[in-house]
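The numbers here are math on the coordinates, done by the rules we state, and not lab data. On a predicted model such as this, the values are computed, not experimentally measured, just so you know. Heads up, the Cβs are rebuilt from the backbone with ideal geometry, glycines too, and the neighbour counts pull from every protein chain shown.
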Amino acid sequence: MHYAAPVATSLVVLVVPLITDAAAFGNPLAFAYIQDILRAFILGVIYIGMPALAVFIVWTGFLFISAQGNDQGLTKAKQMAVRVSIGGFILLALWVLVRVVGNTLAGLSAASLLILLSAFLLYTLYNKR
């Protein structure tokens, strides 16, 4: 019983600064919404992927030139060209996805977005048969 006053005092001393600082604590991220984080991540992938794509296009051209009619070298260069083309289409699709989804979500209110997501959830649940 005689420990109640010191325990209460130490709890007040420890908890009150946490509560007052918690009220002043701001968002440590530069993004307010999850779609902003995803958009920044995908744009980061695009900004890193485009120079890499340019390097691989040049490398593929070098493989075609250095093959000099060699069937094995031409096959390797053609495979590389297909892979580079697929990578370029993936980067283009990511850019289109960011633009379309960003513009679509920007025009929706929270209520309509919730209705859209719940309709999608119901659709996926009932069409698993």
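Structure values in brief
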read-out: Residue 104 within 30 Å of residue 30 (Cα to Cα) and either surrounded by 10 or more Cβ atoms within 10 Å (Cβ to Cβ) or touching a strand residue (DSSP E or B) at 6+ places or on another chain (Cβ under 6 Å) (or both); value: yes
read-out: Within segment 77-99, tally of residues that are buried (at least 16 other Cβ atoms within 10 Å of the Cβ) and free of Cβ contacts under 8 Å to residues at least 24 places away in the same chain; value: 2
